[in-house]
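Just so it is clear, none of the values below were taken in a lab; they were calculated from the coordinates. None of these values were measured; they are calculated from a predicted model. Neighbour counts run over all protein chains shown; Cβ positions are idealised from the backbone, glycine included.
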Amino acid sequence: MSCKICYEDDCVEIENADELFVALDLTPPEADGVILSQMGDKVFQLIRNDSEFLLILQKAFGTKGESKQPYLRCFGNNLGHGVTTGKTLSKALALLAEEEDQAYFLQTLGTEGLRRCITTVADIAEALEWLYGKEDELFLDLIGWDFIMRFIHSMETLGMVLKHLEKSEEAAALGKIGWPQVLDCMQTPADLTYAFSGLGQENVHALIEHLDARKLRQLIPVRQELSRISQRYLSNANALYLKERYDRLAEGGLS
């Protein structure tokens, strides 16, 4: 199929994404909206894959932070047609400099579209890297922690997600995951150090509170490690709290 577009005294037939790119390249940036408004949802029929979607997304409306929402709206509910992989998801978010554009993009893809793009925890982390303001919360709510936890098998992989959140958001995320699942991610001493080094100190305090004797024995099997871990990763208050809890639980059989 083709689409006829006109700008000033020139009219051309556009048959594919490459020709659309040329049309946008040969006209001034202020013409982009005029061209895309003439094409409407026919843009969706011209864009055949992810690379073509990104080609036009990068070109349309310049590269200085202008809103690209008019281009996104051409796809309507078919936006997922051009966004099918985690790489495309993160690259698109990197090109959307306005929060409103990112929100529209995420909401239009929706839970189903976003989940279809994600196959690894790296896909989640890379998307979070490019999100502004509260859009990281929107993204995580849309894909859901039940889905995210399918890719989380250690504190290191959980940390790949949490490190992109503000500390208040981190606490909310831990609450949504639930401490039992968080503790399930902690199977080795290395997981404990990832947690202590990555979490905010308030959340470290909450973590220590949830460590029972069995889990402490598993994560700190040798008492000599207690001082090393505390000195390297914990605030004075949390180091004291960990020692008190370790000693108290030791009385009940922790050695």
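A few notes on this one:
- Longest stretch of the chain clear of exposed loop sites (GluC sites (Glu not before Pro), DSSP loop, at most 10 other Cβ atoms within 10 Å, sites excluded): 9-250.
- Cα lying deepest toward the dipole's positive end in the range 180-255, options LEU183, LEU240, LEU207, charges on Cβ: LEU240
- Given (i) 197; (ii) 128; (iii) 114, the label whose value is volume of the Cα convex hull per residue in Å³ derived from this model: (iii)
- Sparsely packed trypsin sites (Lys or Arg not before Pro) within the range 178-255, loop by DSSP, other Cβ within 10 Å at most 14: ARG223
- VAL22/ASN77 FRET efficiency (R0 35 Å; Cβ-Cβ; nearest 0.05): 0.80
- Ratio Rg/Rh [Cα only; Rh per Kirkwood] for the range 1-105: 0.94
- Residue pairs, from the table LYS91/LYS176; LYS134/LYS176; LYS134/LYS163; LYS68/LYS176; LYS4/LYS59; LYS87/LYS167, whose Cα atoms sit over 25 Å apart: LYS91/LYS176; LYS68/LYS176; LYS87/LYS167
- Size descriptors for the range 180-255 (Cα atoms only): Rg and Dmax, in that order, 11.1, 30 Å.
- Helix-derived mean residue ellipticity, 222 nm - over the chain, DSSP H n ≥ 4, -39500 (n - 2.57), to 500: -18500 deg cm²/dmol
- Fluctuation leader among ASN236, ASN49, ASN78 - the chain, Gaussian network, Cα springs under 10 angstrom: ASN236
- Local charge for GLY178 was computed over the other residues whose Cβ lies under 11 Å away, with Lys and Arg +1 and Asp and Glu -1, and equals -1.
- Burial ordering of VAL12, VAL22, VAL43, fewest other beta-carbon atoms within 10 Å first: VAL22, VAL12, VAL43
- Amide hydrogen neighbours beyond the local backbone of ILE14, cut-off 5 Å, H modeled: CYS3, LYS4, ILE5
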